[in-house]
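The structure appears right after this line, and notes come after that.
The values are calculated or read from the model by the stated rules, or taken from the named source; none is laboratory data. Nothing here was measured: the structure is a model prediction, and the numbers come from that model. Cβ coordinates were reconstructed from backbone atoms using ideal geometry, including for glycine residues, and neighbour counts include every protein chain displayed. Remember, those area values only see protein heavy atoms, side chains included, never the ligands or the DNA or RNA. Shrake-Rupley method; radii C 1.70, N 1.55, O 1.52, S 1.80 Å.
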Amino acid sequence: MSEVPLMPLWVTIFLTLWAAVGPLVGILIGHYLVRSWQRRQWLAYNQKEEYRKVLAGLNRLNMVLVDQSYRDAQEIKKATEEITIALNTSLFITDFLEKSKVAGDVLDALRMLDQGGSFDDYRKEYWKAISVILASAKKITL
């Protein structure tokens, strides 16, 4: 009597090879997925940090200006330097800063205020900038 195989020979060979290669393919796919997820997480974290630095600089400037009894030119200069450093060292939110021009608008309002402009105009530009920055930062998902 002749024996009838349960599976064709090619299926047996394929399953034998897959038993050796399959786990390696799974590891490679898992490594690729984890690496891309970690990169997205790293980018999001760095973007949020840069948003925080810009917001901190704008907040410091605003606090110096709100305290009208103590408007020290040196303190204003330090605050604007902090903003400038935060803007010039941003790598991940540069496109946002260039498109929105929020920090430039606040600094322009500061110049206008220094030249005798209205504090309300400055405050309006400040809060507009804060709102735009916060809205953009909240869009980032970790």
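Worth pointing out:
- Filtered by the rule that a residue be closer than 23 Å to Ala135 by Cα and open to solvent by less than 70 Å² (accessible area, probe 1.4 Å), the range 53-78 gives Val54, Leu55, Ala56, Gly57, Leu58, Asn59, Leu61, Asn62.
- The range 108-142: number of residues that are open to solvent by less than 30 Å² (accessible area, probe 1.4 Å) and aliphatic (A, V, I, L, M): 8
- Screening the range 94-142 for helices (runs of 4 or more DSSP H) wholly inside it with 2 or more residues that are basic (Lys, Arg) returns the ranges 119-138.
- Residue tally, condition exposed (fewer than 13 other Cβ atoms within 10 Å of the Cβ) and hydroxyl-bearing (Ser, Thr, Tyr), over the range 79-93: 1
- One residue from Val66, Val54 being at pLDDT below 90 and among the β-branched types (Val, Ile, Thr): Val66
- Close pairs (7 angstrom Cβ cut-off, 6 or more residues apart or separate chains): free of Cβ contacts under 8 Å to residues at least 60 places away in the same chain in the range 125-142, surrounded by fewer than 12 Cβ atoms within 10 Å (Cβ to Cβ) and hydroxyl-bearing (Ser, Thr, Tyr) anywhere: none
Conditions tested, residue by residue: (1) open to solvent by less than 90 Å² (accessible area, probe 1.4 Å); (2) at pLDDT below 90; (3) in a helix (DSSP H, G or I).
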position	(1), (2), (3)
Pro5	no, yes, no
Val21	yes, no, yes
Gly26	yes, no, yes
Val34	yes, no, yes
Tyr45	no, no, yes
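- Top-ranked residue in the range 106-121 [being more than 18 Å from Ile133 (Cα to Cα) and of a type in the set (Asp, Glu); ranked as modelled with the lowest pLDDT]: Asp114
- Only one of the numbered conditions (1) without any contact (Cβ under 8 Å) to a residue 24 or more places away in the chain; (2) open to solvent by less than 80 Å² (accessible area, probe 1.4 Å) is not met by Glu50, and that is (1).
- Residue pairs meeting the criteria (Cβ under 8 Å; at least 6 apart or on separate chains; first over 19 Å from Asp67 (Cβ atoms) and of a type in the set (Asp, Glu), in the range 108-124; second open to solvent by less than 100 Å² (accessible area, probe 1.4 Å) and assigned to a helix (DSSP H, G or I)): Asp108/Glu125
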